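To keep things clear, I will list the structure first and then write my remarks on it.
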Amino acid sequence: MTVLEPPIVLNIPIEKTIYTSSDLEELPHDARYELIRGQLFPMPNNSAEHGDVTARLTIYTGSYIYANNLGRCFAAETRFIVEENPDTVIAPDFAFVAKDRVDALPKRGYLRLAPDLIIETRSPGDTRREFALKISQWLHAGTEVVWAVEPANQTLTIHRSGALPQTLIIQDTLTEAKLLPGFSLPLARIFDTA
């Protein structure tokens with residue numbers, strides 16, 4: 001990730017060096033940025049493989065969540081405010097908020113909470129360090145579970161707060177007993193290239 005230097009086409013003074021979630025909302029609609037501790041970072045450009053794998057996992061997971069009335073799902077690039085003063089506003093590839101927390105969700109604007117479950121798919125331009133930092137940010141913010149997908153080596157690593165990561169390979173089956181009781185997905189379904 002590279003910090004962008006002002007000026008950016010905003011209605012914000014050029015000398016401004018710390019941006020807020022409100023500043024981020026004022027960006028032009030075609031501007032794709034996240035905010036990390038007040039600094040703007042461009043969101044990565046994703047490949048076809050990234051999009052396909054993420055869509056497959058999102059469809060299976062989201063369908064299960066809605067079929068079982070477990071909560072709400074949020075598509076890629078939905079922004080969540082996870083720190084304030086300075087603000088951190090980040091957007092996962094997929095987010096799930098459990099049913100018991102849904103009433104606290106606003107109808108408009110960014111969501112001021114950490115989702116219960118996140119899917120992050122490593123973009124072609126992400127270094128290992130950048131990808132690990134993103135996962136760490138979600139866990140630090142209070143997300144219970146992060147599914148970190150690596151399309152290049154066809155793995156999915158489950159990160160839980162306070163636990164060692166567990167890496168699954170294409171022959172394994174993904175489950176999530178606590179947040180998604182009964183959910184079971186063979187990873188071959190998301191990495192299928194046929």
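No value in this document is a laboratory result; all are computed from the given coordinates. This is a predicted model, so every value here is computed, not measured. With ideal geometry, Cβ positions are generated from the backbone for all residues, glycine too; neighbour counts draw on all protein chains shown.
What the table shows:
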item: Spans of strands (runs of 3 or more DSSP E) in segment 126-170 with at least 3 residues surrounded by fewer than 16 Cβ atoms within 10 Å (Cβ to Cβ); result: 166-169
item: All positions within segment 169-194 that are within 21 Å of Ile65 (Cα to Cα) and of a type in the set (A, V, I, L, M); result: Leu174, Ala177, Leu179, Leu180, Leu185, Leu187, Ala188, Ile190
item: Residue check for Thr121: touching a Pro at 6+ places or on another chain (Cβ under 7 Å) and exposed (fewer than 14 other Cβ atoms within 10 Å of the Cβ); result: no
item: Residues that are under 15 Å from Ile118 (Cβ atoms) and free of Cβ contacts under 8 Å to residues at least 60 places away in the same chain, drawn from segment 164-194; result: Pro165, Leu174, Glu176, Lys178
item: In segment 52-71, the residues that are free of Cβ contacts under 8 Å to residues at least 40 places away in the same chain and touching a Lys or Arg at 6+ places or on another chain (Cβ under 8 Å); result: Asn69
item: Residue satisfying all of: in segment 183-194; in contact with a helix residue (DSSP H, G or I) (Cβ under 8 Å, 6 or more places away or on another chain) and part of a strand (DSSP E or B); surrounded by the fewest Cβ atoms within 10 Å (Cβ to Cβ) among these; result: Phe183
